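Participant: Can you keep this structure in mind? I'll have questions shortly.
The values are calculated or read from the model by the stated rules, or taken from the named source; none is laboratory data. Everything quoted here is computed from the prediction, not taken from an experiment. Reconstructed Cβ throughout: ideal geometry from the backbone, glycine too, with neighbour counts over all protein chains shown.
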Amino acid sequence: MLHDIGTFNIFLAAMAATAVVVYVALHFVNAGYGMMYTRRWGPSIDNRIGWVLMEAPVFIAMCVLWCFSDRQFQPVPLVIFALFQLHYFQRAFIFPFFIKGKSLMPLSIIVMGVIFNVLNAVMQGGWLFYLSPADSYDIGWLFTPQFVAGVTVFFMGMAININSDSIIRNLRRPGDNRHYLPRGGMFNYVSSANYFGELLEWTGFALLTWSWAGAVFALWTFANLAPRAEQIYKRYTQEFGDEFTRLKLHRIIPYIY
């Protein structure tokens, strides 16, 4: 597949179609981790370990794809690779160790996350290092409008995501198990600001790569996070009532949804 653009395009189409199915399904099934954790998803392990196990495979898989490519030291693919890996290094090896409390993550969720992450590595690494036209990412690409705009959006999203995670992490004092409404930053506009940040990141990545692989990943990000943002919105409405609804927040995209 990494040497046949036709097969790769079929793979991308299948991934896009699957994202649509996942988007619909997640409106009826709660992914049982984090605030929505439930034992119905089967055996669970410590949330910190779960995040490492789920996010590290994409970081490793991209490194493998990079190692075996003959484009590994081309400047622009290397820059794009570094941006992608920067996100997953933070998510796999930094973010989990700041998680507080004793929350759990079901092994079934981890396995599904690993499967998607490895497939996504094939999408992004396959395009970047094997199948993109040889002259598509020359040094001039770094100065194109789509690359400059994409990098700007990518880092804006990363900053929002990290800041929002910090706000959530510091809602409780040690020993406190109550739920609180996150406030500040983009939480003044949406109830799932951390998800908005991640969606913004991968929209930026799609722009800076200007590729169908990046676009399918952005679609998957929305398909996975938008239904969860809807569930969190409903949860806040049930738990906090007027205290929450009078804020008139959107779910994941400011002023839109």
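Participant: Which count do you get for residues in the range 217-253 that are part of a helix (DSSP H, G or I) and crowded, with 17+ Cβ neighbours inside 10 Å?
Facilitator: Summing the residues that are part of a helix (DSSP H, G or I) and crowded, with 17+ Cβ neighbours inside 10 Å in the range 217-253 gives 19.
Participant: Considering the range 165-186 alone, what residues qualify as being among the acidic types (D, E) and assigned to a loop (DSSP other than H, G, I, E, B)?
Facilitator: D176
Participant: Checking I110 against (1) in contact with a strand residue (DSSP E or B) (Cβ under 9 Å, 6 or more places away or on another chain); (2) under 28 Å from E243 (Cβ atoms); (3) of a type in the set (V, I, T); (4) modelled with pLDDT under 95, which test does it fail?
Facilitator: Of the numbered conditions (1) in contact with a strand residue (DSSP E or B) (Cβ under 9 Å, 6 or more places away or on another chain); (2) under 28 Å from E243 (Cβ atoms); (3) of a type in the set (V, I, T); (4) modelled with pLDDT under 95, the odd one out for I110 is (2).
Participant: Return the residues of the range 133-175 that are buried (at least 19 other Cβ atoms within 10 Å of the Cβ) and closer than 30 Å to G6 by Cβ; say none if nothing qualifies.
Facilitator: Selection gives Y137, W141, F147, G150, F154.
Participant: Exactly one of (1) under 24 Å from L219 (Cβ atoms); (2) not in a helix (DSSP H, G or I) is unmet by V20. Its number?
Facilitator: The single condition V20 does not satisfy is (2).
Participant: Looking at the range 31-41, is at least one residue of a type in the set (A, V, I, L, M) and assigned to a helix (DSSP H, G or I)?
Facilitator: The answer is yes; a qualifying residue exists.
Participant: Ok, one more. Within the range 64-81, how many residues are assigned to a loop (DSSP other than H, G, I, E, B) and of a type outside the set (K, R)?
Facilitator: Of the residues in that region, 6 qualify.
Participant: Taking the range 187-216 as the region of interest, how many residues are part of a helix (DSSP H, G or I), buried (at least 22 other Cβ atoms within 10 Å of the Cβ) and either of a type in the set (F, W, Y) or over 16 Å from the mean Cα position of the chain (by Cα) (or both)?
Facilitator: 6
Participant: Take the conditions farther than 30 Å from S166 by Cα and either out of contact with any Ser or Thr (no Cβ under 7 Å at 6 or more places or on another chain) or without any contact (Cβ under 8 Å) to a residue 40 or more places away in the chain (or both) and apply them to Q90. Does it pass?
Facilitator: So Q90 fails the test.
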